[in-house]
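Below is one structure, written out as structure tokens; comments come after it.
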Amino acid sequence: EDQVTQSPEALRLQEGESSSLNCSYTVSGLRGLFWYRQDPGKGPEFLFTLYSAGEEKEKERLKATLTKKESFLHITAPKPEDSATYLCAVQAKSDFGNEKLTFGTGTRLTIIP
Amino acid sequence: DAGVTQSPTHLIKTRGQQVTLRCSPKSGHDTVSWYQQALGQGPQFIFQYYEEEERQRGNFPDRFSGHQFPNYSSELNVNALLLGDSALYLCASSWDRTRRPDYGYTFGSGTRLTVV
């Protein structure tokens, strides 16, 4: 069974204080690892898909990296508007492409002005 | 370009009742998946519909059923509601792999279901 573990559960940072969120996973053949941002009462918003170990993707102050066992979401010089819950999910390889996503429980990030 | 639209946004039901939630996928998407998200948890996969058929199913009882229409929109039905069914129900749409590369699922804002 596919599993995703995210740490820490919650993180409070001062504005401008860089840090990283961790996502450890086990999956029977990885097709993709996804990062989403979720604001309270809203649906997850797509950030990145990573497909193979060594891959990196960046968007504004966010950078996602992938190894064979975990992924990191690095946040550089965060601003208060980066406050949200960050979800990691894995998708296994299958005979058809749109295999289900298995999510972690998320990291709740708070950026203090 | 409209994203994924879900209705209603909020719903309160009594134990034992039945509920129907609705989802219109993003324009151009043909696959719809439903997820249940309890408070403080990550989304849990319920099932996925493609070409009007259930293609995958998660570990949810038969009280949870669904339907996809020819225009790709979808419904989630839950019978005999339990208190534990209270959650945010999310609809996600995507392209089928055989037609488009995968850029991630697009989620709606969800329906908040409260069972009392």
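The values are calculated or read from the model by the stated rules, or taken from the named source; none is laboratory data. The structure presented is a predicted model; accordingly, all values stated were derived computationally and were not measured. Heads up, the Cβs are rebuilt from the backbone with ideal geometry, glycines too, and the neighbour counts pull from every protein chain shown. The protein model used for the area step is the full one, side chains on, heavy atoms only, and it has no ligands, DNA or RNA in it. Shrake-Rupley method; radii C 1.70, N 1.55, O 1.52, S 1.80 Å.
Only one residue in A:T110, A:T26, A:T65 is of a type in the set (S, T, Y) and over 27 Å from B:S33 (Cα atoms), so which one is that? Within the list A:T110, A:T26, A:T65, the selection yields A:T110. Within 11 Å of chain B (Cβ to nearest Cβ) and β-branched (V, I, T), is that true of A:T110? For A:T110, the condition - within 11 Å of chain B (Cβ to nearest Cβ) and β-branched (V, I, T) - is not met. Residue count for the stretch A:56-107 under the criterion of being farther than 19 Å from B:P43 by Cα, within 14 Å of another protein chain (Cβ to nearest Cβ) and of a type outside the set (F, W, Y): the result is 7. A search for C-beta distances below 8 Å between a residue of the stretch A:31-57 that is of a type in the set (S, T, N, Q) and any residue that is open to solvent by 40 Å² or more (accessible area, probe 1.4 Å) and part of a loop (DSSP other than H, G, I, E, B), counting only pairs 6+ apart in sequence or on different chains, returns A:T49/B:Y103. Does A:K93 qualify as being in contact (Cβ under 8 Å) with a residue 24 or more places away in the chain, open to solvent by 60 Å² or more (accessible area, probe 1.4 Å) and within 27 Å of B:F60 (Cα to Cα)? In short, yes.
Yes or no: B:G40 under 20 Å from A:T105 (Cα atoms) and within 10 Å of chain A (Cβ to nearest Cβ)? Considered against the rule, which asks whether it is under 20 Å from A:T105 (Cα atoms) and within 10 Å of chain A (Cβ to nearest Cβ), B:G40 comes out as yes.
Residues that are open to solvent by less than 40 Å² (accessible area, probe 1.4 Å) and within 23 Å of A:D39 (Cβ to Cβ), at least 2 per element: which strands (runs of 3 or more DSSP E) completely within the stretch B:1-76 meet that?
B:19-24, B:31-37, B:44-50
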